[in-house]
Amino acid sequence: MESEVRPHVRQNDREEKFAGAEIRRLGELGCCGMLIPEEWGGAGLDTISYVLMLEEVARVDASMAVALSVTNSVVAWPLWRHGNDAQRRKYLPRLARGEILGAFCLTEPQAGSDAAAIETRAVRGGKIYRLNGTKSWVTNGGESGVYLVFAKTKPAAAAPGVTKNAITAFLVEPGFSGFRVSRYEDKMGLRSSRSAEIVFADCEVPEENRLGEEGQGLKIALEALDGGRVGIAAQAVGLAQGALEAAASYAKQRRAFGKTIGEFQAIQFMLADMHTEIEAARLLVWQAAHMRDTTRDTGPETQSTRLGAFASRAKLFAAEMANRVAYKAVQIHGSMGYSRESDVERMYRDARVLSIYEGTSEIQRMIIARDLLGREKRDAEPQGHDSPESAVRGAH
């Protein structure tokens, strides 16, 4: 990251250039299939190793970290968990080597946190499904070789308790008829990470590209997002670590009133708070990663229940911590922190989305509170549009 990526990060951000060559190089090092067993071409490592990698990548380039997080957590992982052997053979080795990237297509223009309200439809005719709809905020959109797309296969189902069984997952290739990238988002931050809007117009998807059974899509999405939140929390920790290092270095160099600004107590207190919050968030992330490893061999429902609150606590605290740390890093830099010539200016912009995508902070608080208040209340409530189980904010 220091030798091959850092020299180009600022230019890539300005030009909105996707660092495809560098990501392929990371794929050669095993970073694109870390959670996939070796028999399917992956590294076969644990989630702790995975989040350590994401921290180090995000410390230098948060845009690259999110591209890796999506491929690992919300595409390759659910494909391995729910795919059949033919699907695994076709996609997993190429994903693991970084030859292709994966993209996660859940969010739509009118369906973000309320994932059960998606309007994309999949109608079966023989051995072909025809997909119609629009997906937005697709990370790696236009750069991926396989898209995990969620669509309703029971379009009439709209009542609470029914919608959760109406969604099905599909593995869509960009070469399929009816697939089109309609535009790219012009974003505040993560500008070298692609975020695309994708239109499906009678997109023809073979039956063998359905992931799991009909009606299992929402369950697959929720399980993937639990793991994805651990990855985004690690991204937040890495970004904050990079901001702290930049601020500490600047504080030792910048002089005012005859001494370095790092000798002033006001700056020391900011750095101390930044460091302490980062370490607290890091431990929450590692705890969630450990929980993911202890539940990885359980069924999807059990895993979602056990991992959900751990992932949400890590993601909530780390995302909001990264925003506070980036703010203080800019403050320590003074006017230089407001300049596009500084790394902390980019980090400040990159940090803002962390409390929005992969589940907003508000959604994380709902999940944490429901877990705290007990499963009895959770099981008694309807699982429809208004349930936090469906409120996952799948923007990726």
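The values are calculated or read from the model by the stated rules, or taken from the named source; none is laboratory data. Just so it is clear, the structure is predicted and the values come from calculations on it, not from any experiment. Note: ideal-geometry Cβ built from the backbone for every residue, glycine included; neighbour counts use all protein chains shown. Quick note on the areas: whole protein, heavy atoms, side chains included, nothing else; ligands and nucleic acids left out. Shrake-Rupley method; radii C 1.70, N 1.55, O 1.52, S 1.80 Å.
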Completion exercise
Measure of exposure for Cys32: accessible area at 1.4 Å probe, Å² rounded to 10, is 0 Å²
Fill in the blank from the handout: Under 5 Å from the placed amide H of Phe104, counting only residues 5+ away or on other chains, we find Thr139, Leu148
Completion exercise
With every protein chain in place, the accessible area of Lys328 for a 1.4 Å probe, in Å² rounded to the nearest 10, comes to 40 Å²
Exercise for the section: Relative to the longest principal axis of the C-alpha atoms of the chain, give the angle of the C-alpha long axis of helix 217-253, reported between 0 and 90° and rounded to the nearest 10°. Expected result: 10 degrees
Fill in the blank from the handout: Counting all Cα-Cα pairs in the stretch 23-169, those more than 23 Å apart amount in percent to 41 percent
Practice task
Kindly write out, for the stretch 319-333 in residue order, the coupling ³J(HN,Hα) from the Karplus curve 6.51 cos²θ - 1.76 cosθ + 1.60 (θ = phi - 60°), rounded to whole Hz, with x marking Gly and Pro.
Solution key: 5, 6, 4, 4, 5, 5, 5, 4, 4, 5, 4, 5, 4, 5, 6
Practice task
Report, in debye and to the nearest 20, how large the dipole of the stretch 53-114 comes out about its Cα centre when Lys and Arg carry +1 and Asp and Glu carry -1 on their Cβ.
Solution key: 400 debye
Practice task
Calculate the length of the line joining the C-alpha centroid of the stretch 47-66 to that of the stretch 188-210, in whole Å.
Solution key: 24 Å
Problem - Rounded to whole Hz, the Karplus (6.51, -1.76, 1.60) HN-Hα couplings of the stretch 3-12, x for glycine and proline - result: 7, 9, 10, 3, x, 10, 4, 5, 5, 4
Problem - Sum of side-chain charges, Ala326 neighbourhood, beta-carbon under 14 Å (Lys, Arg +1; Asp, Glu -1) - result: -1
Practice task
Relative to the longest principal axis of the C-alpha atoms of the chain, give the angle of the C-alpha long axis of helix 265-295, reported between 0 and 90° and rounded to the nearest 10°.
Solution key: 30 degrees
Practice task
On a 0 to 90° scale, report how tilted helix 47-60 is relative to the longest principal axis of the chain, with both axes built from alpha carbons and the result rounded to the nearest 10.
Solution key: 50 degrees
Practice task
Mind pulling up the Rg/Rh value for the stretch 120-233? Radius of gyration and Kirkwood radius, both on Cα.
Solution key: 0.98
Completion exercise
Heavy-atom accessible area of Ile363, protein chains in place, probe 1.4 angstrom, given in Å² to nearest 10, is 10 Å²
Exercise for the section: Report which label in [x] 27, 61, 11; [y] 27, 52, 20, 2; [z] 29, 57, 13, 1 holds the value of P(r) over Cα pairs in 20 Å bins from 0, in percent derived from the coordinates of this structure. Expected result: [z]
Practice task
Would you be so kind as to identify which of Gly359, Ser69, Phe170 lies farthest towards the positive end of the dipole of the chain, taking Lys and Arg as +1 and Asp and Glu as -1 on Cβ and the Cα centre as origin?
Solution key: Gly359
Completion exercise
For His82, His8, His333, His290, the accessible-area ranking with a 1.4 Å probe, largest leading, is His290, His8, His82, His333
Exercise for the section: Under a 10 Å cutoff between Cα atoms, tell me which one of Lys135, Lys152, Lys17 has the largest fluctuation in the Gaussian network model of the chain. Expected result: Lys17
Practice task
Please find the FRET efficiency linking Glu362 to Ser49, where r is the Cβ-Cβ separation and R0 is fixed at 25 Å, and quote it to the nearest 0.05.
Solution key: 0.20
Completion exercise
the stretch 106-126 and the stretch 280-296 have their Cα centres apart by a whole-number Å value of 31 Å
Problem - Under Karplus coefficients 6.51, -1.76 and 1.60, residue-wise ³J(HN,Hα) of the stretch 74-83 in Hz, glycine/proline x - result: 10, 10, 4, 4, x, 5, 5, 5, 10, x
Fill in the blank from the handout: Of the convex hull drawn through the C-alpha atoms of the stretch 76-153, the volume per residue in Å³ is 109 Å³
Problem - Point-charge dipole on Cβ atoms (K/R +1, D/E -1) for the chain, about Cα centre, debye to 20 - result: 440 debye
Exercise for the section: Could you calculate the contour length gain from Glu204 to Ala266, that is, 0.36 nm times the residue separation minus the distance between their Cα atoms, to one decimal place in nm? Expected result: 16.2 nm
Exercise for the section: Heavy atoms only, probe 1.4 angstrom, no DNA, RNA or ligands counted: give me Glu143, Glu39, Glu341 ranked by accessible area, highest first. Expected result: Glu39, Glu341, Glu143
